[in-house]
1. What pairs come up if the first residue lies in region 122-135 and is closer than 13 Å to Val161 by Cβ and hydroxyl-bearing (Ser, Thr, Tyr), the second is part of a helix (DSSP H, G or I) and at pLDDT 90 or above, and their beta carbons are under 6 Å apart, counting only those six or more places apart or on different chains?
2. Out of (1) surrounded by fewer than 17 Cβ atoms within 10 Å (Cβ to Cβ); (2) closer than 18 Å to Leu187 by Cα, the odd one out for Ala104 is which?
3. Just for region 177-193: of the residues that are of a type outside the set (A, V, I, L, M, F, W, C) and surrounded by fewer than 20 Cβ atoms within 10 Å (Cβ to Cβ), which one is nearest to the chain's Cα centre (by Cα)?
4. Residue pairs, Cβ under 9 Å, 6 or more apart or interchain, first in region 206-229 and farther than 14 Å from Arg12 by Cα, second among the charged types (D, E, K, R) and surrounded by fewer than 17 Cβ atoms within 10 Å (Cβ to Cβ). List them.
5. Being over 30 Å from Gly194 (Cβ atoms) and among the hydrophobic types (A, V, I, L, M, F, W, C) narrows it down to one of Ala96, Ala118, Ala104, so name that one.
6. Does Arg145 qualify as being over 30 Å from Glu53 (Cβ atoms) and among the basic types (Lys, Arg)?
7. Quick check on region 194-229: of everything there that is under 17 Å from Leu156 (Cβ atoms) and of a type in the set (Val, Ile, Thr), which residue is surrounded by the fewest Cβ atoms within 10 Å (Cβ to Cβ)?
8. Considering region 178-196 alone, what residues qualify as being of a type in the set (Gly, Ala, Ser) and touching a residue at least 60 places away in the same chain (Cβ under 8 Å)?
Amino acid sequence: MPWLIWMFDPLRIMLLLPALVLAIYASWKVRATYRKYLQVPTKKRVTAAQAAELILNRAGVSGVKLAGTPRPLGDHYDPRTKTLRLSAPTSVSVAAVGVAAHEAGHAIQHARGYAPLALRSAVVPVASFGSQLAFPLFFLGLIFRADFLLTLGIGLFAAAVAFTLITLPVEFNASRRAVAALRETGLVTREELGAVKEVLTAAALTYVAAAAMAALQLIYMLLVAGRRR
């Protein structure tokens, strides 16, 4: 019963509903936009992997390994192994090239010692640990009226919220680097660059939605803890 009360608390629904709607829209938007421009080839016919490699070479960044990933839209850069993974490395589409340039932007951030990226990497272990234990501890604190568990749950979840907030400047900066690199290298035309911006903006919206959801969830936890005390 306490769990059902938690799930269907009108205050929780009122706080989280706008962020949930945004998250659903963002997920649909990024997938629809990516699928749309995955069908549009660039005039240069350069593959996503070639574009990433060219951008990295032009930036003087070496030692980055290019690899594939079977997960659609699972493109990412792993700073621990200096590996850039692309879901469509051989595609010459506007979407694939744009996403590859974005991930190359993360590799450049890493090489340049971009502070927000370093901070996000440092927060990852705490945020991962916190996201798994925060709600069970908080919920136990509610059941047993244990202030220590409530505080610990809130503190751990706050670390997860910090991660989502730090992610925003990291992602926005990588997209700016991608757009600038594609413009300077001439890998895409002006019209194609507009499409790349559309793809990256849709992807950025998912991070905004995640941050909003996490922040509002934290606010709700603080309100509930204050009410219980």
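1. Pairs found: Ser131/Ala160.
2. Of everything listed in (1) surrounded by fewer than 17 Cβ atoms within 10 Å (Cβ to Cβ); (2) closer than 18 Å to Leu187 by Cα, Ala104 misses just condition (1).
3. Checking each candidate, the answer is Arg183.
4. Note: pairs meeting the criteria are Arg228/Arg145; Arg228/Asp147; Arg229/Arg145; Arg229/Asp147.
5. Working: Ala96 fails: over 30 Å from Gly194 (Cβ atoms); Ala104 fails: over 30 Å from Gly194 (Cβ atoms).
Unique residue meeting the criteria: Ala118.
6. Details: over 30 Å from Glu53 (Cβ atoms): yes; among the basic types (Lys, Arg): yes.
Yes, satisfied.
7. Ile219
8. Filtering region 178-196 down to residues of a type in the set (Gly, Ala, Ser) leaves 178, 180-181, 186, 194-195.
Of everything in region 178-196, those that are of a type in the set (Gly, Ala, Ser) and touching a residue at least 60 places away in the same chain (Cβ under 8 Å) turn out to be Ala178, Ala181, Gly186, Ala195.
The values are calculated or read from the model by the stated rules, or taken from the named source; none is laboratory data. Only a predicted model underlies this, so the values are computations on that prediction, with no experimental measurement involved. Every residue, glycine as well, gets a Cβ built from its backbone with ideal geometry; the counts of neighbours run over all protein chains shown.
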